[in-house]
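In what follows, a structure is listed as C-alpha cells, so that the remarks can point back to it.
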Amino acid sequence: FEYRRMKRLTNTYCYIKEISAMTGVKAGTIRFYEKIGFLEPVERIPNQYRVFNEHHIYQIQVCSLVFGGFVNTRLRKISMHIIAAAKAWDLEAYDKAAQNYLQAVEQDISRAKKAVSIVTNQLDQDENDQQQYSKKEAAELLGVTPETIRNWERNGLLTQKEPYSRRRYQINEIRRMYVIRFLLDTGYSCMAILQFLTAYDDGLDQKAASFLLGTVENAELYSRADQYLKSLSRARTQADTLCHLFVEMKKI
C-alpha cells in the first residue's frame, strides 16, 4: 500500500471511480469495505450512484493498511479497533487504537527475535533467573490469553500440574512458550511442534531439528522465521502510517 496524502475535496463528494484513483484501492474492494460495514454510510444520489465524502477517503486508507498488514490473529484483533474508530470518526479513540497497534507490532517483533534466539541457541539455556510467573503474568509476557496457555498444556506442548493446583512457571517454561507461540505464528502445526519438543526433551537434538528444518538445504525454519519477521516489519511500517494519518484526519 502506498500512502497518499489526500487533497481536500473541492466538492462535497466524489464518485467511486474518483475515490479509487485517490486512494489506489480498487472499486470492488471499496464496495466490499462498504458492504462489510467498515465505512460510515455511503450516500446515493437519485441515479443510485454512490457518492463518497472526505471521511470515506481516510476510512478506505485505514482499511487498506490494516488488511495489508495481517501477520497473526492477535494483531488482527487489535487492528480492528482502528477500523471501528475510523468508521465512527472518533479521532481520540482512533489515535489510541493506532498507537496500541504500533506497540503490539513492536512487541511481537521483540518476541519473535527472542524465540529465534532461543531456538538457534537451544531451549535449555542456563539463566540465573529464579522468578516464577503466574498464568496471567506468563500470558501477558507472551501476548496471548491464559486460555491459550491452558490449550498448550492440554495438547501436551507444556507439562500440566496437578488439578486445581496453582500453576507457577519457571524461566525455562517461559522460554518454551516463546518458541511455541513463534512456531505457531510461522505456520507449524501443533503436531510438528509437539514432535520437536518431545524429541528435544529426550535429548535427541538432531532428530528434533529435523521436525522443523527438513533438509539442511531447505532450512525451512530459518526461511519461515525470515518471512515472518519481514511481515512484522511491513506491519510496523503500516502501523506508523496509520498513526500519521491521524494528523491528516484532524484537519477535516
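Numerical summary
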read-out	value
I252 versus D201: modelled label distance in nm, points set 7 Å from Cα along the beta carbon direction	5.4
Scattering curve values for the range 10-77, log₁₀ I(q)/I(0), Debye with Cα scatterers, q = 0.13, 0.24 Å⁻¹	-0.37, -1.07
Members of K17/K96; K114/K136; K87/K136; K136/K230; K96/K230; K77/K250 lying beyond 27 Å, as alpha-carbon distances in this model show	K17/K96; K87/K136; K136/K230
R0 of 35 Å, Cβ-Cβ distance A84-S233: FRET efficiency to nearest 0.05	0.85
Point-to-point label distance, E106-Y15, nm (Cα→Cβ direction, 7 Å offset)	4.5
Sparse-neighbour loop sites [chymotrypsin sites (Phe, Trp or Tyr not before Pro); the range 76-106; at most 13 other C-beta within 10 Å; DSSP]	none
Karplus-derived HN-Hα couplings along the range 15-28 (A = 6.51, B = -1.76, C = 1.60, θ = phi - 60°), whole Hz, x at Gly and Pro	7, 4, 4, 5, 6, 5, 5, 5, 9, x, 9, 4, 4, x
Phi-based couplings in Hz for the range 173-185 (Karplus 6.51, -1.76, 1.60; Gly and Pro marked x)	6, 5, 4, 4, 5, 4, 5, 4, 4, 4, 5, 5, 5
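Only the coordinates and a few stated rules stand behind these numbers; no lab work does. Since this is a predicted model, take the numbers as computed values, not measurements. Methodologically, a virtual Cβ is constructed for each residue, glycine included, from the backbone with ideal geometry; neighbour enumeration extends over all protein chains shown.
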